[in-house]
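**Student:** Just dropping this structure here.
What follows is calculated from the coordinates using simple rules that are stated; it is not laboratory data. On a predicted model such as this, the values are computed, not experimentally measured, just so you know. Reconstructed Cβ throughout: ideal geometry from the backbone, glycine too, with neighbour counts over all protein chains shown.
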């Protein structure tokens, strides 16, 4: 997932991968992914479950973020082998609670 930009009409969002609670929690498996240069978050969970293994989050504004949605807590499972950073700086990924607003679900999905 590369260079996800905000919506042009609102300059809002820009997450590479987002798991969103909509009627029930989403379950995202991020395995062996490169998530690079996204405008807001590389990987975000809004009241949903994310398992991440062997993935690289590179030069995102925020690497990982998790926020409650309507009282539903997020869940991140680190399967190991993940790295975050930018340029020569590679480090263990750290989850941030950035109090972001979740995206609006697309109708019909």
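**Student:** State, to one decimal in nm, how far the label point of residue 5 lies from the label point of residue 51, with both points 7 Å from Cα in the Cβ direction.
**Tutor:** 3.6 nm
**Student:** What does the extension gain come out to for residue 61 and residue 34, with contour length at 0.36 nm per residue minus their alpha carbon separation? Show your work: numbers first, answer last.
**Tutor:** Working: separation 27, 0.36 × 27 = 9.72 nm, distance 1.47 nm.
Length gained between residue 61 and residue 34: 8.2 nm.
**Student:** So how much slack lies between residue 94 and residue 26, counting 0.36 nm per residue of separation and subtracting their Cα-Cα distance, in nm? It would help to have the intermediate numbers written out before the result.
**Tutor:** Details: separation 68, 0.36 × 68 = 24.48 nm, distance 2.10 nm.
The residue 94-residue 26 span can extend by a further 22.4 nm.
**Student:** How high is the relative contact order of the range 1-79, in percent, with contacts defined as C-alpha pairs under 8 Å that are six or more residues apart?
**Tutor:** Numbers: 212 pairs, mean separation 22.9, N = 79.
Computed over the range 1-79, the figure is 29 percent.
**Student:** Please express the Cα-Cα pair-distance distribution P(r) of the range 1-79 as a list of whole percents, one per 5 Å bin, running from 0 to the bin with the greatest distance.
**Tutor:** Pairs per bin, as whole percents: 4, 18, 25, 24, 19, 9, 1, 0.
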